Amino acid sequence: MATATYPPPPPYYRLYKDYSENPSSAPEPPPPIEGTYVCFGGNYTTEDVLPSLEEQGVPQLYPKDSNVDYKKELRSLNRELQLHILELADVLVERPSQYAKRIGEISSIFKNLHHLLNSLRPHQAGATLIHIMELQIQQRKQAVEDIKRRREEAQRLLKDAFVTLDGQ
Amino acid sequence: MDIISQLQEQVNSIAAITFNAFGTLQRDAPPVQLSPNYPEPPATTTATDDATAFPEQPKQLSADLVKAAKQFDALVAALPLSEGGEEAQLKRIAELQVENDTIGQELQKQLEAAEKELKQVQELFGEAADNCLNMKKPE
């Protein structure tokens with residue numbers, strides 16, 4: 001059984017010999033990459049954006065607006081899907097050689113559905129952020145109340161102790 | 001699982017039901033006569049089991065499909081899309097940030113005052129303890 005050894009460490013480890021005494025004598029790490037980069041032969045970009053349907057070559061079946069009514073469009077796409085499945089069943093019975101067009105339409109409906117759902121994700125991220133911030137504000141208010149209460153109680157205890165000492 | 005992932009899973013399961021349904025029906029269908037020129041297909045081969053269970057399959061499969069579609073509609077109805085759009089969300093986030101900052105500053109102030117008082121109490125306590133120890137000299 002052949003096993004491969006681990007690759008050796010990169011040769012520039014020698015440059016960091018005096019790092020513990022003088023941290024600035026060793027080279028800085030490379031700056032973060034911006035734009036496109038190549039990783040294992042594939043091209044990746046640093047900007048994560050959802051490619052629009054036209055770029056993928058799929059016809060867009062819901063109206064392109066700035067504020068799409070997601071619920072209505074999802075429901076109507078669902079009905080379209082059901083109708084197309086029924087059509088496919090009919091085509092398979094009557095004219096079995098024409099299935100390819102129907103299947104193309106069904107797959108484009110699926111792609112539209114998934115694209116709509118993916119475009120809901122940024123909105124979900126914003127809603128999650130709002131929820132987390134509200135929780136944090138509530139926790140901070142709680143902490144302020146706790147500290148106030150403890151301070152008052154500590155002052156009360158000190159006053160009581162003072163009174164007790166005076167009364168002796 | 002969050003609602004959008006559930007919706008995506010539901011879409012995928014609708015697709016799975018569809019292709020499973022068509023595949024099963026195509027695989028299990030009994031042979032059919034294409035044209036009157038060809039002889040009748042031999043009907044005695046496997047007519048026993050298939051003929052009983054076969055008409056039930058499309059009914060079950062279509063019931064599954066309709067159920068999955070209804071489930072999808074129910075999930076869509078459960079989407080919490082209350083905000084009017086992206087600008088409303090961004091405005092709300094900015095408001096929350098401002099409120100968070102003010103509360104954070106007040107918390108910081110209270111914390112500093114409490115720490116100061118704690119230090120004072122600790123010093124006083126140390127002095128009182130020293131006095132107690134000094135008064136009780138071993139004779």
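Scoring residue A:150 on the criteria (1) at the interface with chain B (Cβ under 9 Å from one of its Cβ atoms); (2) under 36 Å from the mean Cα position of the chain (by Cα) leaves a single failure, condition (2).
Residues are listed down the side, and each one gets a yes or a no for (1) assigned to a helix (DSSP H, G or I); (2) modelled with pLDDT under 85:
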position	(1), (2)
B:9	yes, no
B:14	yes, no
B:19	yes, no
B:24	yes, no
B:43	no, yes
B:50	yes, yes
B:89	yes, no
B:96	yes, no
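Scanning the stretch A:126-147 for residues that are open to solvent by 60 Å² or more (accessible area, probe 1.4 Å), among the aliphatic types (A, V, I, L, M) and facing chain B (nearest Cβ under 10 Å) yields A:129, A:132. Consider residue A:46 carefully, then state whether it is within 26 Å of the chain's Cα centre (by Cα) and surrounded by 11 or more Cβ atoms within 10 Å (Cβ to Cβ). So residue A:46 fails the test. The set of residues in the stretch A:93-106 being part of a helix (DSSP H, G or I) and either open to solvent by less than 50 Å² (accessible area, probe 1.4 Å) or of a type in the set (D, E, K, R) (or both) consists of A:94, A:101, A:102, A:104, A:105, A:106.
Among the conditions (1) touching a residue at least 12 places away in the same chain (Cβ under 8 Å); (2) closer than 28 Å to residue B:81 by Cβ, the only one that residue A:87 does not satisfy is (2). Residues in the stretch B:93-112 that are more than 35 Å from the chain's Cα centre (by Cα) and facing chain A (nearest Cβ under 7 Å): 3 in all.
Annotation: residue A:115 fulfils all but one of (1) more than 10 Å from every other protein chain (Cβ to nearest Cβ); (2) open to solvent by 50 Å² or more (accessible area, probe 1.4 Å); the unmet one is (2). Candidates are the residues of the stretch B:64-92 that are farther than 30 Å from residue B:19 by Cα and buried (at least 17 other Cβ atoms within 10 Å of the Cβ); the one that is nearest to the other protein chains (Cβ to nearest Cβ) is B:89.
The values are calculated or read from the model by the stated rules, or taken from the named source; none is laboratory data. None of these values were measured; they are calculated from a predicted model. When we count neighbours, we look across all protein chains shown, and the Cβ atoms used for this are built from the backbone with ideal geometry, even at glycine. Areas reflect the complete protein model, heavy atoms only, side chains present, ligands, DNA and RNA absent. Shrake-Rupley method; radii C 1.70, N 1.55, O 1.52, S 1.80 Å.
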